Amino acid sequence: MEENLTVLEEFKRESCEIYNLGFNENLKRLHHDHLPVFVTIILLNILSILMFLKKLVWILKNTPKAYITKTVFLCGIYLVCNLMTLSIVVVPRSYFFCDSVIHITFVLCAYQMFKYVDGESNLIEFHSERPKKFNFSTPPCCCLLSLCFSKISITKRRISITRILILQLTISHILLYIALNIIKINDEETFNRIFIYTIPLIVGPILIGVWGLNIMLRLFVDAASDYRLKEKYFALQLVLIFCKLQPALFESINQIFFNDFYCQQVHPPSVYVSFVISIQMFLLGIWAFKLYKCPLRI
């Protein structure tokens, strides 16, 4: 029985060799039926670059100096995602590296959201005139942790704790993804064996970081009513949903219901997923640029 399972696994691995295509191998498998996918992704990337450059000029001219770097960073994530999806389409073997770049860019932007409205000092100044309590009853940890904390008054130290909740996501995930990429480059078999054990290290900090962001949003939303923070935060969250959760969902559906349907195709699943993500990131980029045209002063 074990021998039969080994043979089956080996067959699946060979039939899914398209997961690890390099540039030359991928180019050889290119078929005219798939040219529309490649051409569309390339055009979306060109349009994204032109749109970003145009908006960059607008940001440099109209945004206060203190907000330029933050705004460029938060608007640029959609271009980064599009460039990475193009890289995945051209070189499917680069999927994990490109996914890591997207993920690291996201966690950096998550921290930029906290800095976007001047952090603790600005919030303390605002709430000194409008007393408000910390509200821990926010997703995704509202049911578990809100029971341990009553509503407490806002102080600079307590807001700094929220900063730490967000910052731990940035630091831990940058270090983790750098380590995983080093392992994958040196020994892919070891990487495949240990990756499943790193999932709690990925999911845990995300839950804590998103919890901190939600607490921050509720504190800042009144202090920064002109910023449209809810919409900007939602646009950033969609990057995580589209680029991380969506591919995982597609892969799970494929494995459960379609018996490796993608492995029978000319191109790996990453190409088809990247095509969908490219369209989503292009549309998100347009929306984000409109959001960041709103007033940047409190």
Original post:
Would you list Thr162, Thr85 from fewest to most Cβ contacts within 10 Å?
Top reply: Thr162, Thr85
Original post:
So which of Lys54/Lys244; Lys115/Lys230; Lys156/Lys232; Lys54/Lys115; Lys156/Lys293 end up more than 19 Å apart, counting from Cα to Cα?
Top reply: Lys54/Lys244; Lys156/Lys232; Lys54/Lys115; Lys156/Lys293
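Under 10 °C and 1.306 mPa s, how fast does region 30-109 diffuse according to Stokes-Einstein, given a Kirkwood radius computed over C-alpha pairs? Answer in µm²/s, whole number. The partial results should precede the final answer.
Working: Rh = 14.0 Å.
For the chosen part, D equals 113 µm²/s.
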Original post:
If you plug each phi of region 95-107 into the Karplus form 6.51 cos²θ - 1.76 cosθ + 1.60 with θ = phi - 60°, what whole-Hz ³J(HN,Hα) values come out, in order, with x for Gly and Pro?
Top reply: 4, 5, 4, 5, 4, 5, 4, 4, 5, 5, 4, 5, 5
Subject >> Karplus-derived 3J(HN,Hα), 6.51/-1.76/1.60, for each residue of region 75-91, Hz, glycine and proline x >> reply: 7, x, 4, 6, 5, 4, 4, 5, 5, 5, 5, 5, 4, 5, 5, 6, 10
Original post:
What FRET efficiency comes out for the pair Phe250/Glu189, r = Cβ-Cβ distance, R0 = 30 Å, nearest 0.05?
Top reply: 0.75
Subject >> Sorted by Cβ density within 10 Å, fewest first, the residues Trp287, Trp211, Trp58 >> reply: Trp58, Trp287, Trp211
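Bear in mind that the values in this text are calculations on the coordinates, not laboratory data. Since this is a predicted model, take the numbers as computed values, not measurements. Glycine also receives a Cβ, built like all others from the backbone with ideal geometry; neighbour counts cover every protein chain displayed.
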